[in-house]
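Below: the structure, in structure tokens.
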Amino acid sequence: MIKINYLFLVSLIYLFPINISCAQSKGAATLPSLEGKNILMVYGGWQGHQPDIFTERVSKWLISEGANVTISDSVGVYTQENIMNNTDLIIQYYTQGKITKEQFEGLDNALRNGIGLAGCHGGLADSFHESQDYEYIIGGQWVSHPGGIIPSYDVQIHTSNDPITEGLQDFVMKDTEQYYMHIDPNNKVLATTSFTKDQHDWIEGAVIPLSWKRYHDKGRVFYLSIGHAPKDFDTYEAWELLTRGIKWASDSKYQPKENLVTPIYSKN
Ligand SMILES: [Zn+2]
């Protein structure tokens, strides 16, 4: 594990330029600041997702926002109470892999005490499949990406009445994976994606959540299914969703808990 500082980041600088829009939306302006917050980034697992590059890019942005960033390439950090007790938010990008009972309990306790958890793609929802308790935290699991890398797919903003999505329009992702997921139907869904018959005709018209927010006890959980490759975040709306979700999830220690349970099934 390394303690990252500004000088370290200078060596990484400008490798992954961030796509900046000239338009600053209201949603971004009303989200909590990261200034002075302690953020733990945990990365690893399947290397095809280039977790180190994702971590470099996001950590550089976090530092620019005034956060204190600690980076670990092992989920063993979840057992280190001196770090966990001084963390506001965990950002995990760890595909597949395993988590021990002690490591899971460290993560679980962190959220129960109000630490947030944010992440994307397989780094949060294709992790530790032997742990149903872990899957209970996230609220959704990747099960397929029909066709693998496909030319394009559409993203629909499901609710604009949220600072994470406010001002964003529907958009298109190109040359990347579209996640088909099994979802907790009580998540508060922020954005969705719909499937065509191009890959599997039996899922034509299926609508699957692409981004959601929820709580695990006192801790905020934010998830976005975009993020197969670092270039995915060159798409303005994808980067906005990720960074706004990170900001929202960073504040659960400091704000009253909301009720985000949003069931979609009711008795007919
Ligand atoms: Zn992927």
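Since every read-out is calculated from the coordinates, none of them should be taken as a lab result. The shown structure was predicted, so the numbers you read here are calculated from the model rather than taken from an experiment. Heads up, the Cβs are rebuilt from the backbone with ideal geometry, glycines too, and the neighbour counts pull from every protein chain shown.
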Treating only Lys and Arg (+1) and Asp and Glu (-1) as charged, each at its beta carbon, one finds that the chain has a dipole about its Cα centre, in Debye to the nearest 20, of 600
Taking 60-67, 147-154 and ranking on average Cβ neighbours within 10 Å, highest first, one gets 60-67, 147-154
Ranked on Cβ counts within 10 Å of their own Cβ, fewest leading, TYR180, TYR223 go TYR180, TYR223
Rounded to the nearest Å, the spacing of the alpha-carbon centers of the range 74-97 and the range 140-207 is 28
Across 5 Å bins beginning at 0, the whole-percent shares of Cα-Cα pair distances in the range 179-268 come to 3, 12, 19, 19, 19, 14, 8, 4, 2, 0
Computed D for the chain, Stokes-Einstein, Kirkwood radius over alpha-carbon pairs, 37 °C, 0.692 mPa s, to the nearest µm² per second, is 176
With -39,500 (n - 2.57) per DSSP H segment of 4 or more residues and division by the full residue count of the chain, the 222 nm estimate, nearest 500 deg cm²/dmol, is -6500 deg cm²/dmol
Cα-based Rg and Dmax for the range 30-161, in Å, come out at 15.4, 46
For LYS60, the lysines lying under 22 Å Cα to Cα, once residues fewer than eight places off in the same chain are dropped, come out as LYS3, LYS37, LYS231, LYS247
Under the rule rounded for a/c under 1.5, else prolate if a/b exceeds b/c, else oblate, using alpha carbon gyration tensor axes a ≥ b ≥ c, the range 145-194 is classed as oblate
